[in-house]
Amino acid sequence: METFVGREEQLQTLATELEQVRMGAGKPGRALAIRGRRQVGKSTLVEEFIGRAGVPSVFYVASRQPAARELELFREAIAASDTPAAEIARSGSLGSWDAALALLSRDATAERPLILVIDELPYLVESEPAIEGTLQKAWDRLLARAPVLLVLVGSDLSMMEALGQHGRPLYGRLREIVVPPLAPAEVGELLDLDAPAALDAYLAIGGFPRLASLRRRGEGIWRFLSRELADPTSPLVVIGERSVNAELPVDMQSRRVLAAIGAGERAYSAIERRAGVERTSLVRSLKALQEKRMVIKQTPYSSRQRGSPPRYVVADPYLRFWLRFIGPNLELIERGRGDLVAERVRASWDSYRGRAIEPLVRAAIERRLPDPGLGDAQFVGGYWTRDGRLEVDLVGGREPHRSDTIDFVGSVKWRERQRFDRRDLAALVAARPQVPGADETTRLVGVSRSGFATNELDIELGPEELIAAWRPKAHGRG
């Protein structure tokens, strides 16, 4: 059984919504749309909430079945529930979605409100395209007037985000809840790891509770990877493949583009060459991958409005790890040679980790802002030139995409034993004036896994400071 950790903010929101249902008059019903990446723990969150709420509930999970079968599965979920409607549902067909929803709303009371969960809503929409309109009609006529908490859950981020937009049937009726991956600090706490080991773990499993549950408390990364890669059925192996199949079931060109980015290609032309797709197809695939939140487009951060071409990176740490090491080696794993894959990970780990840690570093620093030591910066990016001769890991400024004033520049040196030394400092000092908007007064930031052999940086950040940025006390929350 998965250990439930964190999510207090989301649980509190759900509890508050249920309390509004209990206290509401006239139209007490409330509707929520919960979205988050696959395997991030959305269903587990809702199950935990239901367990704490102690009120009647129906939990239905769509599964891409034909429309008639989905309705039958919904009836079965009602029949297996602790609601007054269960007995009627067990007696036979309910006839239609309208009839089923009407039945559920009939017996809900303020003392015993109903929690109705429709999980994997995007799958249901595929099978029953009219379901959004059906839910809207049932909501306006029945559910909103009854003590019902309707919870719609989905992993298709773009579809769930669009669910409540103008022009859609449920527009103006939904409150959104986003379930993020576990933070690095939470993964470290769950697995009893120190800060450097917690960040290493995060680069392999991301913030997915299911993957974290595979690792034994205090276990080293190499023992963990060796064991899991030896098992072709391990979630570490299969979740990445299932995620790609679910998000891109028939789009083979986008899969090739994703694989090219996962292999480490970041520039448009390099992705095009490695993926072997035509330019028009590449444009379409990159757009699709960004819409699905699988890939992030990065632009150089400086005082210039336009500069070097963008870069593309895989958004999720676990999927990035899977695309680099597991996906290309599935055949080896399936024939029992996961030990060879583990050796390949170990051989490439230092170089892979050195680049993969950079997005986490930027995110951690942004969580610290505003910070007097970092000037008036509110945002963090990176900077690179078109010819690739200059790359600066960290650039901080005051606007989302560019800033007239650059408050700091920084370098990330994530080495196992070697400290951030004077050569690293000299390279950063030399790069500083080449970033548009920076000058000799711009602060210098060093980030190191193994400490510092110089005291001339304005800010020094190590693993402990990065992990602390994800702890609630970093933002004054209890």
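The values are calculated or read from the model by the stated rules, or taken from the named source; none is laboratory data. The structure presented is a predicted model; accordingly, all values stated were derived computationally and were not measured. Glycine also receives a Cβ, built like all others from the backbone with ideal geometry; neighbour counts cover every protein chain displayed.
Worth a mention:
- Qualifying residue in the stretch 367-380 (condition: assigned to a strand (DSSP E or B) and surrounded by 13 or more Cβ atoms within 10 Å (Cβ to Cβ)): yes
- As a summary of the residue check, residue 218 satisfies the conditions (1) within 22 Å of residue 463 (Cα to Cα); (2) surrounded by fewer than 22 Cβ atoms within 10 Å (Cβ to Cβ); (3) without any contact (Cβ under 8 Å) to a residue 24 or more places away in the chain except for the one numbered (3).
- Scanning the stretch 15-34 turns up no residue that is without any contact (Cβ under 8 Å) to a residue 24 or more places away in the chain, outside the structural domain of residue 471 (by TED's automatic domain parsing) and within 25 Å of residue 187 (Cβ to Cβ).
- Residue that is surrounded by the most Cβ atoms within 10 Å (Cβ to Cβ) [pool: residues in the stretch 52-97 that are among the acidic types (Asp, Glu) and under 29 Å from residue 246 (Cβ atoms)]: 70
- Pick from the stretch 108-144, criterion charged (D, E, K, R), surrounded by fewer than 21 Cβ atoms within 10 Å (Cβ to Cβ) and over 17 Å from residue 18 (Cβ atoms), ranking: nearest to the chain's Cα centre (by Cα): 126
- Within the stretch 233-268, the residues that satisfy the criterion of being farther than 18 Å from residue 344 by Cβ and either part of a loop (DSSP other than H, G, I, E, B) or not assigned by TED's automatic domain parsing to the domain that holds residue 204 (or both) are 233, 248, 249, 250, 251, 265, 266.
- The residues of the stretch 284-312 that are among the small types (Gly, Ala, Ser), under 23 Å from the mean Cα position of the chain (by Cα) and either part of a loop (DSSP other than H, G, I, E, B) or buried (at least 21 other Cβ atoms within 10 Å of the Cβ) (or both) amount to a single one, 285.
- Residue in the stretch 52-76 that is modelled with the highest pLDDT, counting only those that are under 25 Å from the mean Cα position of the chain (by Cα) and among the small types (Gly, Ala, Ser): 62
- Only residues that are among the charged types (D, E, K, R) and out of contact with any helix residue (DSSP H, G or I) (no Cβ under 9 Å at 6 or more places or on another chain) were counted in the stretch 288-333, giving 3.
- Counted residues, the stretch 88-103 - those being under 35 Å from the mean Cα position of the chain (by Cα) and within 11 Å of residue 74 (Cβ to Cβ): 3
- Of the strands (runs of 3 or more DSSP E) lying entirely inside the stretch 99-206, those carrying at least 3 residues that are assigned by TED's automatic domain parsing to the domain that holds residue 33, of a type outside the set (Val, Ile, Thr) and under 19 Å from residue 29 (Cα atoms) are 114-119, 148-154.
- Restricting attention to the stretch 38-78, the residues that are within 14 Å of residue 104 (Cβ to Cβ) and among the hydroxyl-bearing types (Ser, Thr, Tyr) add up to 2.
- Scanning the stretch 469-478 turns up no residue that is more than 30 Å from the chain's Cα centre (by Cα), over 19 Å from residue 358 (Cβ atoms) and either of a type in the set (A, V, I, L, M, F, W, C) or not assigned by TED's automatic domain parsing to the domain that holds residue 267 (or both).
- Given (1) surrounded by fewer than 22 Cβ atoms within 10 Å (Cβ to Cβ); (2) assigned to a loop (DSSP other than H, G, I, E, B); (3) modelled with pLDDT of 95 or more; (4) not basic (Lys, Arg), index of the condition residue 438 fails: (1)
- Selection status of residue 348, in contact with a Pro (Cβ under 6 Å, 6 or more places away or on another chain) and in the same structural domain as residue 266 (by TED's automatic domain parsing): no
- Restricting attention to the stretch 42-57, the residues that are among the polar types (S, T, N, Q) and in contact with a Ser or Thr (Cβ under 7 Å, 6 or more places away or on another chain) total 1.
- Search result, residues across the stretch 9-62 that are of a type in the set (Lys, Arg) and closer than 17 Å to residue 121 by Cβ: 30, 35, 37, 38, 42
- Qualifying residue in the stretch 313-320 (condition: in contact with a Lys or Arg (Cβ under 7 Å, 6 or more places away or on another chain), without any contact (Cβ under 8 Å) to a residue 40 or more places away in the chain and not in a helix (DSSP H, G or I)): yes
- Condition check for residue 88: touching a Ser or Thr at 6+ places or on another chain (Cβ under 6 Å) and among the aliphatic types (A, V, I, L, M): no
- Being surrounded by fewer than 21 Cβ atoms within 10 Å (Cβ to Cβ) and closer than 29 Å to residue 123 by Cβ is a description that does not apply to residue 257.
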